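**Q** Take a look at this one; I'll ask things after.
Please treat every number below as a calculation from the coordinates, not as lab data. On a predicted model such as this, the values are computed, not experimentally measured, just so you know. So basically every Cβ, Gly included, is an ideal-geometry build from the backbone, and we count neighbours across all protein chains shown.
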Amino acid sequence: LRAEMATPPPVDDRETLEAGLAGCRRCPLWEQATQVVPGEGPLDARLMIVGEQPGDREDLEGRPFVGPAGQLFDQVAARAGLDRRAAFLTNAVKHFKFAPRGKRRIHQSPGRAEVQHCRWWLEQERALVRPDLILAMGATALESLTGDRRNLLARRGRIENLADGTPMLVTVHPSYLLRLPPPERAEAEALFEADLRDAARRVA
Ligand code: URA
C-alpha cells in the first residue's frame, strides 16, 4: 500500500503521461471503459480543475466534461468569467465506472481503492502543470487531494492549502446541481457560480 501511495516521479511531457494512462492497470476499471480520459488543457495553466470521473459521454469521446455535467459547468463558467480553455481540467479517476443496464450504462461512483490507485495520475498531472490554484469540485476530488471527503458543504467556498502548499478552492460538483429540485438548484448554482468567479479572479 505504501509503495502505491508514494508520490510518483515527475513526468516531463504530456506524451509520456498519456501513454502511461492509456496502459494503466492499477485498478480494474480500464477493462470495461472505452478509453482513458486524461486531463485536458495547457500545461502552463495557472488553474487546475478536478472533477470526479468521466461519465458516459466522456468515455466515448475521450475528453473530460463534455456530457451534461460538463455542459452545465461550461454555462456557469461563462457567466463567472472563467475561461475553460485556459485551465487544466481533469478528474480524480480517469476511467468511467458503470453498471450495464440493458443498453444503458449507469454511472457508479468510484470507490476508495479506485480513488487511491488513480491518485498516482493526478499527482503526475499536478507535477506537470504545477498550478497556482486547484479548484476541487465535489467530494471525490476532495478525497483524492486531501484524503478527507467529509463536510463538503461546510468546506465549499473556502481555500485549503494542500500538503505541498498549493491553495485549493473547494466547491460542489456540477452533477450535484443537476440532481437538485429547481428552487434549491437556483440557490446552489448561484453559490457555484460565485466559487468559479472567485477561482477565475485568483488566477487572473
Ligand atoms: N463528471 C466528472 O466529474 N468529470 C467528467 O469529466 C464528467 C462528468
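**Q** Per residue of the chain, what 222 nm ellipticity follows from adding -39500 (n - 2.57) for every DSSP H run with n ≥ 4, rounded to the nearest 500?
**A** Numbers: 10 runs with 93 residues, N = 204.
About -13000 deg cm²/dmol.
**Q** Next question, about the same structure. Please report the orientation-averaged projected area of the chain, defined via the convex hull of its C-alpha atoms, in nm².
**A** Working: hull surface 44.6 nm².
Hull-based average projected area comes out at 11.2 nm².
**Q** Report Rg/Rh for the stretch 93-204, rounded to two decimals, where Rg is the Cα radius of gyration and Rh the Kirkwood radius.
**A** Details: Rg = 15.3 Å, Rh = 15.4 Å.
Across the stretch 93-204, the Cα-based Rg/Rh ratio is 0.99.
**Q** Okay, next question. What's the longest uninterrupted piece of the chain once you rule out the trypsin sites (Lys or Arg not before Pro) that are loop residues per DSSP with at most 12 other Cβ within 10 Å? Don't skip to the answer; put the middle values down first.
**A** Values: sites that count: 25, 103, 150, 158.
Longest stretch, sites excluded: 26-102.
**Q** Then there is this: Output the direction-averaged projected area (hull surface divided by four) of the convex hull of the alpha-carbon atoms of the stretch 1-111, in nm².
**A** On the way: hull surface 32.2 nm².
Seen from a random direction, the Cα hull of the stretch 1-111 projects 8.0 nm² on average.
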